[in-house]
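Novice: Starting off with a structure, shown below.
The values are calculated or read from the model by the stated rules, or taken from the named source; none is laboratory data. It should be emphasised that the depicted structure is a prediction, and the values quoted were computed from it without experimental measurement. Positions of Cβ are generated from backbone atoms using ideal geometry, with glycine treated the same way; all protein chains shown enter the neighbour counts. The protein model used for the area step is the full one, side chains on, heavy atoms only, and it has no ligands, DNA or RNA in it. Shrake-Rupley method; radii C 1.70, N 1.55, O 1.52, S 1.80 Å.
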Amino acid sequence: MLGSLLNRPGEASDGRTYFYRASLMGPAYQFELTDEGLVWKIGRRSGVWPYADIASVRLSYRPMAMQRKRYSADLQNREGRRLKLFSTSKQTAALMEPQFGYPAFMITLHERLAAAGSAVTLRAGIKPWTFNVLSAALALVGLAMAALLIRALYVGEFAGVIFIVLLSALFGWQGWDFLSRNRPRSYTFDDVPKDLLG
């Protein structure tokens with residue numbers, strides 16, 4: 001059943017199979033959408049989750065320093081067991097390779113869940129308390145940078161002004177992108193958030 005999953009990371013997918021590596025030395029994470037449900041294999045462990053048994057799906061944006069376009073899906077079944085899917089595979093100790101089949105697989109998974117009449121809870125973004133803490137931290141950093149900018153202007157350190165403006169622009173852009181994509185919200189089968197698929 002899982003024989004069709006033994007393709008290379010990064011290969012195009014038909015939307016029914018997905019494969020990625022979370023680490024260089026760890027096992028491959030293999031998934032297939034079948035009539036019976038979501039078939040998964042991680043190393044020597046494997047199983048089948050019927051679509052009706054999948055209790056929740058959470059999509060989020062998880063960038064890393066060397067891979068800005070990195071997304072994840074957290075699945076939980078009725079028994080409380082979890083599966084994690086990432087849109088990238090480890091290529092080297094520092095680099096990650098995008099998995100081009102991730103968006104198609106996630107769309108097909110949602111279609112299968114809808115067709116099965118699943119009562120799954122669909123959530124997007126990070127948890128609300130985490131979002132609130134990160135928003136407050138970003139606001140405090142913004143205030144600190146504004147204070148530094150005013151101080152640099154007051155003492156005439158124009159090189160410092162340029163540095164603060166550029167650093168603030170970069171940090172603000174990345175922080176805003178992360179928070180806007182990861183704002184906590186629910187979604188429906190008809191409105192899967194494309195900004196969390198890649």
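Novice: Taking the options S135, S118, name whichever one is modelled with pLDDT of 80 or more and either outside any loop (DSSP other than H, G, I, E, B) or loosely packed, with under 14 Cβ neighbours inside 10 Å (or both).
Specialist: S135
Novice: When the residues of the stretch 10-52 are filtered to those that are touching a Lys or Arg at 6+ places or on another chain (Cβ under 6 Å) and open to solvent by 70 Å² or more (accessible area, probe 1.4 Å), which remaining residue is nearest to R78 (Cα to Cα)?
Specialist: R21
Novice: Out of everything in the stretch 54-69 that is open to solvent by 70 Å² or more (accessible area, probe 1.4 Å) and not small (G, A, S), what residue ends up being nearest to the chain's Cα centre (by Cα)?
Specialist: Among residues in the stretch 54-69 that are open to solvent by 70 Å² or more (accessible area, probe 1.4 Å) and not small (G, A, S), the one nearest to the chain's Cα centre (by Cα) is R62.
Novice: Could you list, in sequence order, all residues of the stretch 158-198 that are acidic (D, E) and in a loop (DSSP other than H, G, I, E, B)?
Specialist: none
Novice: A further question on this structure: Can you go through T188, T130 and tell me which one is closer than 27 Å to S89 by Cα and polar (S, T, N, Q)?
Specialist: Exactly one residue qualifies, and that residue is T130.
Novice: Within the stretch 70-97, work out how many residues are surrounded by fewer than 17 Cβ atoms within 10 Å (Cβ to Cβ), of a type in the set (G, A, S) and under 20 Å from K41 (Cα atoms).
Specialist: 2
Novice: Okay, moving on. Check off (1) of a type in the set (D, E, K, R); (2) in contact with a helix residue (DSSP H, G or I) (Cβ under 8 Å, 6 or more places away or on another chain); (3) modelled with pLDDT of 95 or more; (4) closer than 19 Å to F189 by Cα for R16 and give me the number that stays unchecked.
Specialist: The number of the failed condition is (3).
Novice: While we're looking at this one, here's another question. Do you know which residues across the stretch 35-94 are part of a strand (DSSP E or B) and of a type in the set (S, T, Y)?
Specialist: Once the filter is applied, which keeps residues that are part of a strand (DSSP E or B) and of a type in the set (S, T, Y), the stretch 35-94 yields S46, S56, S60, Y61, Y71, S72, T88, S89.
Novice: Kindly indicate which of F171, F100, F105 is open to solvent by 60 Å² or more (accessible area, probe 1.4 Å), in contact (Cβ under 8 Å) with a residue 24 or more places away in the chain, within 30 Å of P50 (Cβ to Cβ) and not aliphatic (A, V, I, L, M).
Specialist: After ruling out the rest, the residue left standing is F100.
Novice: On to the next question. Could you list all residues from the stretch 91-147 that are out of contact with any Ser or Thr (no Cβ under 9 Å at 6 or more places or on another chain) and among the acidic types (D, E)?
Specialist: E111, the sole residue that qualifies.
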